[in-house]
Amino acid sequence: MKSSCARCLAFLLIALWLPLALNADAGSPVTAPRERANFDAGWRFAFGHPFDPAKDFNHATGYFSYLTKAGNGDGPADPKFDASAWRQLDLPHDWAVEAPFDGRGGHSHGYKAIGRNFPERSVGWYRKTFAVPASDLGRRIAIEFDGVQRDSVVWVNGFYLGRQPSGTTSFRYDLTDYLNYGGDNVVAVRADVTLEEGWYYEGAGIYRHVWLTKTAPLHVAPWGTFVSAEVRDDFSSADVTARTTLTNDGATVATFDLEQTILAPDGRTVASGRVAGLTLAPGENREWPVVLAVAGPQLWSIAKPALHRLATIVRASDGTVVDGVETTFGIRTLRFDANEGFFLNGKHVLLKGTNNHQDHAGVGVAVPDALVDYRIRMLKEFGSNAYRSSHHPPAPELLDACDRLGMLVLDENRLMGPSPEQLGQLEAMIRRDRNHPSVILWSVGNEEWAIEGNEKGARISASMQAVAHRLDPTRRTTVAISGGWGAGSSTTADVMGYNYFTHGSTDEQHAKFPQQPSVGTEETTAQGTRGIYFDDKPHAHMAPLAKGDSGGNVEIGWQHFATRPYLAGLFFWTGFDYRGESNPFGFPAVSSQYGIMDTCGFPKDQFYYLKSWWTDTPVLHLYPHWNWPDKVGQEITVGCYSNHEAVELFLNGASLGKKDMPRNGHLEWKVAYHPGTLEARGYRAGQVVETTRVETTGAPVKLTLTPDRTTILPDGADVVVIDVAAIDAQGRVVPVADNLVKFAITGGRIIGVGNGDPSCHESDKGSERSLFNGYAQVIVQSDRAPGPVQLTARSGDLASAQITLTNPVAP
């Protein structure tokens, strides 16, 4: 609640401050300043068809198509098309998560009924009608898409604007000349997911935010600010360079002044500068750097992610404010050392990272902003300090969250290659993301087996790296390489990226290239199903593998990287389970099982292994659960993850032995099962400092609801994540409960449900969900009206549970 309210207050202050600054000293009539409005609400949606025109609303069937003649969009691209019967929805939207599961679906994408075998669900059309006032004539107006999955084509008022094949690249189109000023306008988007772009669940549709931006003809270019800092060795001051690219889309020469102001995290002005008498010819595009000195800067760090703001004002020669943008940035230093690893602000930081795809239970890839925050907080809970966006640029909101919450980011390009399209995607990622202080490293490619170990890979990596350096000389680049070490991309990469140390020898690579820094871009976790300790292959449930698909596990991987100073750290595969890649299972399995947490964010046992060695928080975690009525007298391995010096285990009061905890290790006992209580006692300096128990529970008698916070903003977009559990008469979570739970809600809506079961085929969008090993999850979204949101959970004879979420009180 605290972080959410603070974020909203910060946005409110920005919203109030910037317009005041832009309109300051406005004497004569002024050109209206920049507007950037969220464009998510009020869309219509319907399925089209990839090859049957009759099922695609007869689109592109006219004698003169939209490609042959301007303004000839037909079917849904025609502004006169009647879409009143189409479904109404707000963005972000993922139609794949709404689809049923089907064994004919793609293994990589979780067997959802989309793709080549399902043409009736592989094309989606979106339309929106919007008014543009007559007073906007003379301004530049653009529509901006943070991401459309996939192969999108966009029209406005029947005019073809362009095509974006990649589902993870942000893009924009200038609408200015096509609009009806003082009237209605229609934008249409066609997305086609027939062909998969990746090999993991990608979703389908306009799954990220859309924006409508209005500026004067003279304006700051899209992604047109780039802020970097040179910090003194003693951190007493920093020279902040604000590079601003301006565009003149007007018909005459523009003369103007450029003003820059830096605001500290508390809102104080700490530096300002002005460059006067600048000019741009019509159609000209140019960058101006301004250096601003900041004394005693507050540094951005993991523990204290201090964020500064740069206010950029463009003022015409008559004093009129023409444009203004605000850029959030951080002042910090980065350094990768070939022998000592990674340094942030001059201090050594061992990267404790995870790889992650962008989907979550219940919502697919249409992840609300507050849920993004929730996922980052869950990663930080077990000590993770770094996030690799696998294998594509992330949503802007994810980087915003990492900036605010203190999470380092390896930002990854989707498609490796030197063609204009491929380099264009790389450029879009870097220009969009380079002001985020959380981003510490660019990745230009991942596991490109056809080239990573040969000369083509070396050349392509070098070419892409050169482009990255030109766009951002402040950061290094890496290539994630799975086996072709010692040749190809590994010879030209700024920072060597190891995908699974078992594929070769990191020591040999370091000896061969002693000047090359290195990091573990992927490493194996203890692949397995949450709460499962004995394989159940028909249900695709498996106990944690001692050696996962790539030959290791979380403990083996961490011990390798933690004991080699030349390695900057690692990124485990993965932080969360994700849809698709259900290896080693096929259908009916629909989700991966690589995660440290499941698809809902419920921790697996290895969560506590990492928390033991990645944090200073005392940890004492026992596993498995102790409900085994069919195994009385049989030997069961009992494990303990802890950072205490020693642990003693008891069963029903009898000691089973005290053992010293090895550094970066864990403990195990072989125990003949009898119901009752397992108790672990953690020792430091010979004294018991912590005790934990795992008990045989009774049958479930009651449901519980636990929200990640108890307030929700009445904006129609905020969400609260609510965990559902079944408890026995003593209040203990029943670890084998599988009850079907039904939900009812007032004042809001349920946008997704999940339980982390990798083979569950229940609807993600229903109002019910079965518990899996004791737990399920509900994601609740607010309405656009003040008032409480109340959720009720019921299941058969169990006592129901109810929770009320209130609107936060303004400070």
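The values are calculated or read from the model by the stated rules, or taken from the named source; none is laboratory data. Note that the structure is predicted; figures quoted are calculated from it, not measured. Note that each Cβ is placed from the backbone with ideal geometry, even for glycine, and that neighbours are counted across all protein chains shown. All accessible areas refer to the heavy atoms of the entire protein, side chains included, with ligands and DNA or RNA removed. Shrake-Rupley method; radii C 1.70, N 1.55, O 1.52, S 1.80 Å.
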Trypsin sites (Lys or Arg not before Pro) within region 267-312: DSSP coil, no more than 14 neighbouring Cβ in 10 Å: 268
Just the accessible area for residue 461, please: 1.4 Å probe, Å², rounded to the nearest 10? 0 Å²
Protection proxy (average C-beta count within 10 Å per residue), highest first, orders 663-673, 696-706 as 696-706, 663-673
Relative to the chain, whose Cα atoms define the longest principal axis, helix 2-23 and its Cα axis are tilted in degrees, nearest 10, by 10 degrees
So what's the back-of-envelope 222 nm ellipticity for the chain, counting only DSSP H runs of four-plus at -39500 (n - 2.57) apiece and dividing by all residues, rounded to 500? -4000 deg cm²/dmol
Unit charges on C-beta of K, R, D, E only; dipole of the chain, Debye: 680 debye
With the 1.4 Å probe rolled over protein heavy atoms, region 676-767 has an accessible area per residue in Å² of 40 Å²
With the dipole of the chain defined by +1 on each Lys or Arg Cβ and -1 on each Asp or Glu Cβ, the option from 772, 479, 385 whose Cα lies farthest towards the positive pole is 385
Residue 120-residue 454 FRET efficiency (beta carbon distance; Förster radius 35 Å; 0.05 resolution): 0.25
Cα-based shape type of the chain, given that a ≥ b ≥ c are square roots of the gyration tensor eigenvalues and the cut on a/c is 1.5: prolate
Low-density loop chymotrypsin sites (Phe, Trp or Tyr not before Pro), region 188-296, at most 14 other Cβ within 10 Å, DSSP non-H/G/I/E/B, are 199
Classify region 140-243 from the C-alpha gyration tensor, please: rounded if a/c falls under 1.5, else prolate or oblate depending on whether a/b exceeds b/c. oblate
Residue pairs, from the table 128/742; 380/658; 547/604, whose Cα atoms sit over 28 Å apart: 128/742; 380/658
Per the C-alpha gyration tensor (a ≥ b ≥ c, the square roots of its eigenvalues), region 187-319 is rounded if a/c is under 1.5, else prolate if a/b beats b/c, else oblate; here it's oblate
Relative packing of peptides 751-762, 312-323, 134-145 - highest average C-beta neighbours within 10 Å first: 751-762, 312-323, 134-145
Accessible surface of region 184-321, 1.4 Å probe, proportion on carbon and sulfur as whole %: 50 percent
Provide the gained length on full extension for the span residue 130 to residue 794, in nm with one decimal, where the gain is 0.36 nm per separating residue minus the Cα-Cα distance. 234.8 nm
Distance between region 602-645 and region 208-236 - C-alpha centres, whole angstrom: 47 Å
Summarise the accessible area of region 475-525 (1.4 Å probe, protein heavy atoms) by the percent that is carbon and sulfur. 50 percent
Per DSSP, loop chymotrypsin sites (Phe, Trp or Tyr not before Pro) in region 491-570 with at most 12 further Cβ within 10 Å: 534
Per residue, in Å², the accessible surface of region 445-524 once ligands and nucleic acids are set aside, probe 1.4 Å: 37 Å²
Given 435-444, 37-46, the highest-first ranking by average Cβ count within 10 Å works out to 435-444, 37-46
With angles folded into 0 to 90 degrees, how steeply does helix 369-381 sit against the dominant principal axis of the chain? Use alpha carbons for both and round to 10. 40 degrees
